[in-house]
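Accompanying notes for the structure given below.
The values are calculated or read from the model by the stated rules, or taken from the named source; none is laboratory data. What you are looking at is a predicted structure, and each value in this text was computed from that prediction instead of being measured. Because the Cβ atoms are built from the backbone with ideal geometry, glycine has one as well, and the counts that use them run over all protein chains shown.
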Amino acid sequence: MNKTIALECRGITKTFGRVVANRNCDLDVYEGEILAILGENGSGKTTLMNMVAGIYFPDEGQIFVKGEEVVIASPRDAFAHKIGMIHQHFKLVDVFTACENIALGVEDKGRFKLAEVRKKVIEITQRYGFIIDPDKRVAEMSVSEKQTVEILKVLYRGADILILDEPTAVLTPQETEKLFAVLRRMREDGKSVIIITHKMHEVLSISDRVAVLRKGEHIGTVNTAETDASALTEMMMGVKVELNIQRSQPRDPQERLTVKNLTSVNPEGRPMLADVSFTAYSGEILGIAGIAGSGQRELLEAIAGLHSLTGGEITYVNPKDGHVENLRNKIPIQIRDLGVRLSFVPEDRLGMGLVGNMDIVDNMMLRSYSKGKGMFLHRKEPRDLAQTIIEDLQVVTPGASTPVRQLSGGNVQKVLVGREIAAAPSVLMAAYPVRGLDVNASYTIYNLLNRQKESGVAVIFVGEDLDVLMELCDRILVINAGRVTGIVDGRTAQKDEIGLLMTKSHDANETEAGEGA
């Protein structure tokens with residue numbers, strides 16, 4: 001039985017100045033299928049889908065919907081052809097309810113009736129199995145609820161072709177399974193679902209076919225049942241790549257950083273961290289798992305001296321002489337002056353980690369400029385370091401004098417992680433170091449973290465992908481709403497167990513699970 005093609009892209013080309021984002025791309029999407037799109041960072045995945053969704057307009061090529069050529073010059077045109085895109089960053093009005101957000105921008109002839117919108121929204125939720133309160137305000141919603149509202153927005157507008165960009169990036173395993181169940185029901189209903197994702201295990205579990213892009217070109221589309229992670233990665237990279245994390249046993253672990261009863265509040269007085277306690281050991285990777293916004297970033301920033309605290313202790317044991325230092329409420333420069341080698345890879349790379357308008361060499365100098373003597377800066381050592389990082393981490397750049405903002409996300413990340421590791425830390429904290437990176441770049445970062453662990457560094461890794469956390473980390477600390485809900489062994493923990501801890505309400509009378517593990 002022949003399938004009906006819902007969407008065709010033929011010879012799509014898009015350039016931005018001298019950069020070719022897509023070159024002569026062909027793509028077919030069938031009715032009633034889930035198609036995953038894979039590719040390295042900068043391979044043109046999102047750009048191609050943005051042209052289908054009307055955000056960009058192709059320089060060359062044609063788009064066909066159900067066999068008829070169409071011109072999509074705006075998102076309004078895309079909706080007219082029943083195409084809707086759910087972006088990674090939500091576009092919702094916090095003070096409005098789910099229904100009000102869904103109704104925004106919909107042309108309704110005659111008088112607007114919110115009751116009718118609500119009725120239609122409930123019908124859609126019941127049809128596909130969404131769980132959402134149509135009268136709940138967005139400001140009070142969880143991340144998964146906000147994503148549900150975004151999906152309902154495009155379904156309410158009658159979309160038959162849905163494009164989801166990194167839809168599981170901030171979801172728990174349980175929330176991911178609920179989303180996948182909804183997508184499968186959409187497929188059964190004849191919808192065409194396109195997913196852009198970097199999570200290989202999700203590609204293999206949810207998709208019917210996988211389209212692979214490399215350097216802006218469509219390499220091929222394969223049936224998911226007839227491929228595996230290794231073959232897909234080889235298509236993405238053009239060469240065979242090993243996707244194994246070689247986790248070694250911690251050797252002679254020593255207490256390096258101890259956090260006790262850490263508490264902090266935001267400027268509005270709301271708690272960010274509440275009674276957080278744990279110990280990080282040399283020669284191990286301590287993972288931190290939690291739903292987005294649970295306090296992971298605030299915890300690392302507090303340790304790094306970027307947040308003031310209202311309670312608790314942070315103590316550091318110097319590996320050279322065993323001297324114990326108190327880091328509580330010290331600013332970063334004071335922490336460094338104590339002789340503490342504390343490196344921090346922040347979540348916001350260009351906002352906090354690197355200066356986008358400065359080149360790679362100057363960004364290396366941010367770590368060392370204050371050590372210079374006299375009025376002149378010495379650039380030889382930073383230049384040598386920049387060149388070493390470019391060569392060792394295979395940073396794709398015209399040269400060390402290229403402004404960082406001109407690099408792709410994966411290459412920006414390599415520069416930042418390389419600089420922090422070059423500081424020879426005894427504690428390395430990495431917040432979402434592989435967010436948005438392709439498979440090859442991600443495994444480069446994992447291997448860097450492993451090498452640091454094996455050299456005796458205490459590594460603290462905040463990640464989103466539970467499969468990676470369980471494969472990479474020796475222990476996993478789970479945090480929810482600023483509180484520790486458990487600490488589990490990375491080798492024996494189950495994904496469902498961690499997922500439940502991510503949504504668990506902390507009981508102040510409980511003893512911290514696993515602290516002695």
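Brief remarks follow.
- Yes/no for Gly516 being at pLDDT 90 or above and small (Gly, Ala, Ser): no
- Annotation note: Cβ proximity below 7 Å between a residue of the stretch 85-104 that is more than 16 Å from Lys119 (Cβ to Cβ) and a residue that is part of a helix (DSSP H, G or I) and among the small types (Gly, Ala, Ser) (sequence gap 6+ or interchain) occurs for Asp94/Ala139; Val95/Ala139.
- Only a single item in (1) buried (at least 16 other Cβ atoms within 10 Å of the Cβ); (2) part of a loop (DSSP other than H, G, I, E, B) is not met by Ala36, and it is number (2).
- Check on Asp135, within 20 Å of Gly32 (Cα to Cα) and surrounded by fewer than 22 Cβ atoms within 10 Å (Cβ to Cβ): no
- Flag if Glu116 is loosely packed, with under 15 Cβ neighbours inside 10 Å and not polar (S, T, N, Q): yes
- The set of residues in the stretch 199-211 being outside any helix (DSSP H, G or I) and among the aliphatic types (A, V, I, L, M) consists of Val210, Ala211.
- The sole residue among Ile124, Ile196 that is in contact with a Lys or Arg (Cβ under 8 Å, 6 or more places away or on another chain) and either of a type outside the set (S, T, N, Q) or modelled with pLDDT under 90 (or both) is Ile196.
- Within the span defined as the stretch 323-337, one or more residues are in a loop (DSSP other than H, G, I, E, B), of a type in the set (Lys, Arg) and in contact (Cβ under 8 Å) with a residue 12 or more places away in the chain.
- Being among the charged types (D, E, K, R), surrounded by fewer than 17 Cβ atoms within 10 Å (Cβ to Cβ) and at pLDDT 95 or above is true of Arg10.
- Condition met for Ala422 (closer than 18 Å to Ala304 by Cβ, free of Cβ contacts under 8 Å to residues at least 60 places away in the same chain and in contact with a helix residue (DSSP H, G or I) (Cβ under 7 Å, 6 or more places away or on another chain)): yes
- The set of residues in the stretch 331-353 being crowded, with 18+ Cβ neighbours inside 10 Å and modelled with pLDDT of 80 or more consists of Ile335 alone.
- Among the residues listed as Gly32, Gly17, Gly39, Gly11, the single one being in contact (Cβ under 8 Å) with a residue 40 or more places away in the chain, out of contact with any strand residue (DSSP E or B) (no Cβ under 6 Å at 6 or more places or on another chain) and not acidic (Asp, Glu): Gly32
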